[in-house]
Amino acid sequence: MTITEPGADAEVLRTRVAELLAASRARSAALTDAVDDAELVAQHSPLMSPLVWDLAHIGSQEELWLVRDVGGRAPLRPEIDGLYDAFQHTRASRVELPLLTPPEARTYVAEVRDKALDVLSRSPLRGRRLVDDGFAFGMIVQHEQQHDETMLATHQLRAGAAVLRADPPPPAVAPPLQRDVLVPAGPFTMGTSTEPWALDNERPAHTVELPAYRIDTAPVTNGEYTAFVAAGGYDDRRWWTDEGWAHRVSAGLVAPRFWERDGGARWWRRRFGVLEPVPDDEPVMHVCFHEAQAYASWAGKRLPTEAEWEKAARFDPATGRSRRYPWGDDQPTPLHANLGQRHLQPAPVGAYPAGASPLGVHQLVGDVWEWTSSGWHPYPGFEAFPYREYSEVFFGAEYRVLRGGSFGTDPAAIRGTFRNWDHPIRRQIFAGFRCARDATAEDLA
């Protein structure tokens, strides 16, 4: 029985929740223990909070939802609620707040966790929507893991020597034989109404009808993107939308973020404090939506819509059903996808043949978040739960949807229905893309 099956045995579920809470806290500790207190309270980029803010915010959300709401316990530190409310203070301003010191933050999150585990031991995990199938606990596991990925992005932005270590990703063992595949026309089920830990923006399941289209079997690689750069793609107005070109000019974009030239033709990248040659066979990363869109135009293609991405990832033409993951309904393993910060970079294209979809599309989960052409909008029948600020307040055309997770995304925080969103100019996130195109008469012959 998996953690996310409806009606899981309460004791089995309670044990698994405790394991996931421990795993998320171990990762948070590793990311914050890797640097000294001075770096924890520093702001490494105006795009990001100080690491110590993220750590205490993790504890604050856990206290609000698990200790106070689910457990009905008295507040531990009500006077700090406003400091760690993400809607009250911008990331750029948080460094000026009277935040908990690193020792205070560590003490606070430990006290919250002790009380949360006591609540877990007493909760029936059913009888109320917030706790049915452990939803509130799953929400907090996902929240902490999402902030861990945010803290990992902050580590990428910090200056100084490398402090994080991880094994290199596996080599390519079975690269896709085709550059793209045909996704047949017809309906498929998008979203979910049955995944117990799915967040409100993933719900409800609904039928979407799509015409036939072709989608790349792998994300665009560094080598492919280098060809766009070498062809003058950043200087050619033809490939950019008006909005994209205006941003390219104002931001002075010439290549993916963290890429540098060595004085010659070779590109290098800075990755968590290490300067290394850009590996041609890995998915390109740290590109914004506008860059992805320009490349796709240059290549004679386009970005997939969010629905096209999900159908390619979940639809099984043999059964007509939508799977939980590209490979099936089983939880991700290291054979399926590059997740969980096991590695500190994307894996080469073809490293995870066991994770391919029934249509032969590779690496849809893990490695890099993938930009889609879709704006951030609710599904038909959307209902905000358990609070409007998770999704509803962000809906609008100013954001673009990303799918699939990255090497920094934990398996507990990703699935075929998971939806991410960000501003189209963001490049500090671990984002890449793949291309799609409309099917032609020749494709359908």
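The values are calculated or read from the model by the stated rules, or taken from the named source; none is laboratory data. Keep in mind that this is a model prediction, so the values were computed, not measured. Neighbour counts run over all protein chains shown; Cβ positions are idealised from the backbone, glycine included. Heavy atoms of the whole protein, side chains included, go into the accessibility calculation; ligands, DNA and RNA do not. Shrake-Rupley method; radii C 1.70, N 1.55, O 1.52, S 1.80 Å.
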Query raised in the report: Applying the selection to region 123-149, what residues are over 30 Å from Leu344 (Cβ atoms) and either without any contact (Cβ under 8 Å) to a residue 40 or more places away in the chain or of a type in the set (A, V, I, L, M) (or both)?
Result: Leu125, Gly127, Arg128, Leu130, Val131, Ala136
Query raised in the report: Looking at region 304-316, is at least one residue closer than 30 Å to Pro187 by Cβ and open to solvent by 40 Å² or more (accessible area, probe 1.4 Å)?
Result: yes
Query raised in the report: Hey, Val12 hits all of (1) in a helix (DSSP H, G or I); (2) at pLDDT below 95; (3) aliphatic (A, V, I, L, M); (4) under 17 Å from Ile414 (Cα atoms) but one; which does it fall short on?
Result: (4)
Query raised in the report: Restricting attention to region 39-54, does a residue exist that is closer than 19 Å to Met139 by Cβ and either open to solvent by less than 50 Å² (accessible area, probe 1.4 Å) or of a type in the set (Phe, Trp, Tyr) (or both)?
Result: yes
Query raised in the report: Out of Gly405, Gly381, which single residue is within 15 Å of the chain's Cα centre (by Cα), at pLDDT 95 or above and assigned to a loop (DSSP other than H, G, I, E, B)?
Result: Gly405
Requested in this report: Identify all residues within region 397-423 that are in contact with a Phe, Trp or Tyr (Cβ under 7 Å, 6 or more places away or on another chain) and open to solvent by less than 10 Å² (accessible area, probe 1.4 Å); write none if there are none.
Outcome: Val401, Leu402, Arg403, Gly404, Gly405, Ser406, Phe407, Gly408, Gly416
Report task. Kindly indicate whether Asp69 is at pLDDT 95 or above and either open to solvent by 60 Å² or more (accessible area, probe 1.4 Å) or in a loop (DSSP other than H, G, I, E, B) (or both). Result -> no
Query raised in the report: Would you call His57 under 24 Å from the mean Cα position of the chain (by Cα) and in a loop (DSSP other than H, G, I, E, B)?
Result: no
Query - Selected residue (only one of Leu64, Leu83 is part of a helix (DSSP H, G or I), over 27 Å from Ala161 (Cα atoms), open to solvent by 20 Å² or more (accessible area, probe 1.4 Å) and out of contact with any Leu (no Cβ under 7 Å at 6 or more places or on another chain)) - result: Leu64
Report summary line: For region 221-249 the number of residues that are among the charged types (D, E, K, R), loosely packed, with under 14 Cβ neighbours inside 10 Å and assigned to a loop (DSSP other than H, G, I, E, B) is 1
Query raised in the report: If Gln43 satisfies every condition in (1) part of a helix (DSSP H, G or I); (2) within 30 Å of Phe258 (Cα to Cα); (3) not β-branched (Val, Ile, Thr) but one, which is the exception?
Result: (1)
Report task. Considering every residue within region 134-157, establish whether at least one is on the phi > 0 side of the Ramachandran plot and over 23 Å from the mean Cα position of the chain (by Cα). Result -> no
Query raised in the report: Do any strands (runs of 3 or more DSSP E) entirely within region 100-215 hold 1 or more residues that are among the polar types (S, T, N, Q), open to solvent by 10 Å² or more (accessible area, probe 1.4 Å) and out of contact with any Leu (no Cβ under 7 Å at 6 or more places or on another chain), and if so, which?
Result: 186-190, 206-210
Query raised in the report: Here is a list of conditions, (1) open to solvent by less than 10 Å² (accessible area, probe 1.4 Å); (2) touching a Leu at 6+ places or on another chain (Cβ under 6 Å), and Ile58 meets all of them except one; can you say which number that is?
Result: (2)
